[in-house]
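The values are calculated or read from the model by the stated rules, or taken from the named source; none is laboratory data. Keep in mind that this is a model prediction, so the values were computed, not measured. Using ideal geometry, Cβ is built from the backbone for each residue, glycine included, and neighbour counts are taken over all protein chains shown.
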Amino acid sequence: MKATAQKLIALSLAAAMALGLTACGGGSSNGGGSSADSSPSASGEGGTAPTSYADEIVIGVTAEPKNIEPNGPGVGPAETHVSSQIFEGLVLTGDDGSIQPQLATDWSISEDGMVYTFNLVPDVKFSNGEDVEPEDWVWSLYRARDYEVSNYRFIAEAIDTVEATDTQVTITLKAPNAAFLAMLGCFNMVLGDKSYAETMTDEEYLKNPIGTGPYMLENWTNGSSLTLVANPYYRVEGMPKTQRIKFALVADDNTRLMQLQSGQIDVAPTLPFALAAAVESNPDLALDIFPSTQIYYLTLNTTKAPFDDPAVRQAMYYALNKAETAQAIAGEYGAPVASIVSATQGEWCNSGLEVIEYSPDTAKQMLAQAGYTEPVEFTLSIRTGSTFYEQVATLIKSQVDQAGFLCTIELLESATLNDKYSSLNHNATVLQWVDDYQDPTGVVGWSVDYDQAQCFYTGLNDEELDALNIAAVNEMDHAKRVEMYQEIQQQVYDNANIIPLYRNDFAFARSAKIDGLKVNPFYIYQTMGWTKAN
Amino acid sequence: MIPVLFVVTILVFSIIRFIPGEPARLILGEKATPEAIAALTEKLGLTEPLISQYFLFLRQIFTLDFGNSFTYQMPVAKLLASRFPVTLALTLMSTALSLLISLPLGYFAGVHKDKLGDQAVRTASLVAISMPSFWVGLLLMIVFALKLRWFPAGGWADTLGGQFRCLILPAITQSLMTTALLLRNTRNCVVDITRMDYVDFARSKGIPDSEVRTRHVMRNAMVSTVTLLSMRMAATLGGSVIIETVFSIPGMGKLASDAIFGRDYAVVQFVVLMFAVLVLVINLITDILYSFLDPRVSL
């Protein structure tokens, strides 16, 4: 009896330890979420949805935002898709990429291109009911420029001073910048509430901000979902059309498709093209295609053999079958490209550059002429765990191995890969780019300004090209500027350090009941006009 | 336990720092300026000497103040508190399912050795061991969520009842491998034990079959089953990332993998430490259970 009692006590103690461990997670046990301190009527006096519409639309997203304030650290699509529903700026990049008024009714630009004056929409309120004050504009735009851990500070770095009154905001630049208005339409150049932000810590504000946009945060369950509710003080009559927008985290694309089919989610942004057929064949679903500025590139490290030799890089053009890659990955929603700037940027893209046809024999000849008698060996480093990148790498290998190259695919965990190409310790990798605004400065700066990203991690420091880039940024004559960017693209093409592979559209799968879905070429969408039929 | 945990703290602290990848750069993304990266590195306390960072880690353990996640900018304790119960519930549900299925079937197969029933059970367990869990998960979702609409196709609910429903398919998926292993182990043990003299002796004494089964056969079979079960529980606790990703449930596995990929040292350190403590506790419970099952073992 005594021995059994001893055993039972021991077992109880061990079980108590296990339970204690469960409890020691900390005092907070509210699901790790943060929630908005709601305004007088979070149930929504402002956002009146017609009765024929559902109250909630669920968007299945593959990544959870870290913060929802657009000047926080590590802002990416997961963050901007939420923050774009909460915040507004002076201007907005429209669905067609054009700059449209948002909190500014109109604006003027001084002749020297240094001073921008915006007339403001009157009587705008934040979602907590407070009026917008002039100091909020000053604080917000300086925050975009100065918040030390923001990864989008570069968008606002042209700003010298900001002055505001109840009716106007005046921005003075450090130097003329032809892209500034387009940059103002970027997701982080938005209005926040200074007095509200000052009532909490930085970390709290990043997770629980307020703006003047159509929605505000209702609740956030970490690792699971985030729900926005209509801003009762939103100034546009009848907007937003749907009371709640829920972002549900569904990391796996196959699961996302099944949730869409079973009605658990209503919209699946950027569903892989491989799954598009399943959507198109289902009468309850629809696939919306939007033009994008997304391009995938093969970037070659010019600081190491074999790609330190321009002849080898030039031969690579003939060794790649871009059309096959585009077709295999994106099907009818992709196309091979030659220029680093997307055709969706309109006249900024140098459409005169030729997509070179796959010609393994020409590539071999070029390599032979350059003195390479044996296959040129190189390692293509790509991230592991991504079927997409593995598929692209396999296609590239199958193409170049027939054209005088010998490619070895190296699968690396994403942080290790990032470290490898950032330190120019690789041969080649596949990277992608989506522009942030309607102007080529983003991708061109990334490709030719060595200080930004070692010229897309190729290490080709062409100072002449960089000088041309700086001149193009400051040039206020539109026609001249277009010409300069066309020239830059030509030179990058000739350098062959960045080889654009293909472009693709954004494919949004949705329930057939959803209407009004629009996405701009910079992967930003406004949900206030979306509806779901009951 | 204490020395083991001390070694774990050293290992987890150093290994995560040895692998390439700068936390600030990963958090901020590629477009961040060097100034922003430097500012965040300092803010995260990563400019301090390693020994100071280690002592801070130890102090956090003793004060139960686990600090802030680098990536989520929220207390690690809060993150663990929201994720750990999900993984624990999933592990317990899948373990219960495994035991419910494997023990009776294992006994049945053992006492009907080489007969049709035994062969069917063995084949089924072999199939279960061979199937990758992500594939089984998708298959279950197609059948039970899409076709029959009995359960949700992954995701997480706000209510307790809804969360229970969300865990059923993942628990079935997770239990498959454990069930198959336990089943085969139980079956083999039963085959061996029923051949023992003491079982024949018990029967010859006229002890009813049910008592022979529970007191003499299954009790002895449970010794190795408990060992195997404890190992499987430890493995499922740490290896739930695939299940959690496929079914979109907010558990520790996904948190741990995201933290490792994002070099979120603060989260990685405490998640690994928590797993280590759990494994030790499971082993302790297993040792205590031995003393119940085997009279020769004393505490």
Can you go through A:238, A:223, A:263, A:211 and tell me which one is farther than 19 Å from residue A:130 by Cβ and crowded, with 24+ Cβ neighbours inside 10 Å? A:223
Every residue from the stretch A:157-200 that is of a type in the set (Asp, Glu), farther than 21 Å from residue A:446 by Cβ and surrounded by fewer than 17 Cβ atoms within 10 Å (Cβ to Cβ): A:160, A:163, A:166, A:198
Please report, ordered by residue number, the helices (runs of 4 or more DSSP H) entirely within the stretch A:390-479 with at least 2 residues that are over 21 Å from residue A:500 (Cβ atoms) and not β-branched (Val, Ile, Thr). A:414-422, A:463-474
Conditions (1) closer than 30 Å to residue A:479 by Cα; (2) at pLDDT 95 or above; number of the one not met by residue A:177: (2)
Just checking, which of B:270, B:261 is closer than 23 Å to residue A:249 by Cβ and either free of Cβ contacts under 8 Å to residues at least 40 places away in the same chain or within 7 Å of chain A (Cβ to nearest Cβ) (or both)? B:261
Which condition number does residue A:66 fail, the rest of (1) surrounded by fewer than 22 Cβ atoms within 10 Å (Cβ to Cβ); (2) closer than 30 Å to residue B:44 by Cα; (3) modelled with pLDDT of 50 or more being met? (1)
Residue satisfying condition, being within 28 Å of residue A:387 (Cβ to Cβ), at pLDDT 95 or above and not small (Gly, Ala, Ser), within set A:353, A:320: A:320
Count, please, the residues in the stretch A:72-107 that happen to be part of a loop (DSSP other than H, G, I, E, B), at pLDDT below 95 and at negative phi. 8
Take the residues in the stretch A:108-126 that are of a type in the set (Asp, Glu) and over 13 Å from residue A:168 (Cα atoms), then tell me which one is surrounded by the fewest Cβ atoms within 10 Å (Cβ to Cβ). A:111
Matching residues in the stretch A:69-107 - criterion: being more than 14 Å from the chain's Cα centre (by Cα), within 11 Å of another protein chain (Cβ to nearest Cβ) and surrounded by fewer than 20 Cβ atoms within 10 Å (Cβ to Cβ): none
Residue B:79, sole failed condition from (1) buried (at least 22 other Cβ atoms within 10 Å of the Cβ); (2) in contact with a helix residue (DSSP H, G or I) (Cβ under 7 Å, 6 or more places away or on another chain); (3) free of Cβ contacts under 8 Å to residues at least 24 places away in the same chain: (3)
If we keep only residues of the stretch B:82-94 that are within 13 Å of another protein chain (Cβ to nearest Cβ) and either touching a helix residue (DSSP H, G or I) at 6+ places or on another chain (Cβ under 7 Å) or surrounded by fewer than 22 Cβ atoms within 10 Å (Cβ to Cβ) (or both), then the residue farthest from residue B:23 (Cα to Cα) is B:92
Which residue is farthest from residue A:523 (Cα to Cα), if the candidates are limited to the stretch A:285-324 and must be buried (at least 21 other Cβ atoms within 10 Å of the Cβ), of a type in the set (Val, Ile, Thr) and under 23 Å from the mean Cα position of the chain (by Cα)? A:299
Among (1) in contact with a helix residue (DSSP H, G or I) (Cβ under 8 Å, 6 or more places away or on another chain); (2) within 14 Å of another protein chain (Cβ to nearest Cβ), residue A:416 falls short only on (1)
Scanning the stretch A:131-156 for residues that are buried (at least 16 other Cβ atoms within 10 Å of the Cβ) and not in a helix (DSSP H, G or I) gives A:132, A:147, A:149, A:150, A:151, A:152
Those helices (runs of 4 or more DSSP H) lying entirely in the stretch B:202-261 with at least 2 residues of a type in the set (Ser, Thr, Tyr): B:219-238
Counting only residues that are at pLDDT 85 or above and within 8 Å of chain A (Cβ to nearest Cβ), the stretch B:27-42 contains a total of 2
May I ask you to say which residue of B:152, B:104 is away from every other protein chain (no Cβ under 14 Å) and over 24 Å from residue B:279 (Cβ atoms)? B:104
Suppose the filter is facing chain A (nearest Cβ under 10 Å), within 22 Å of residue A:422 (Cα to Cα) and of a type in the set (S, T, N, Q); does residue B:47 pass it? no
Can you tell me which residue within the stretch B:225-268, out of those that are β-branched (Val, Ile, Thr) and over 19 Å from residue B:86 (Cα atoms), is surrounded by the fewest Cβ atoms within 10 Å (Cβ to Cβ)? B:227
Taking only the stretch A:382-413 into account, find how many residues are charged (D, E, K, R) and within 14 Å of another protein chain (Cβ to nearest Cβ). 3
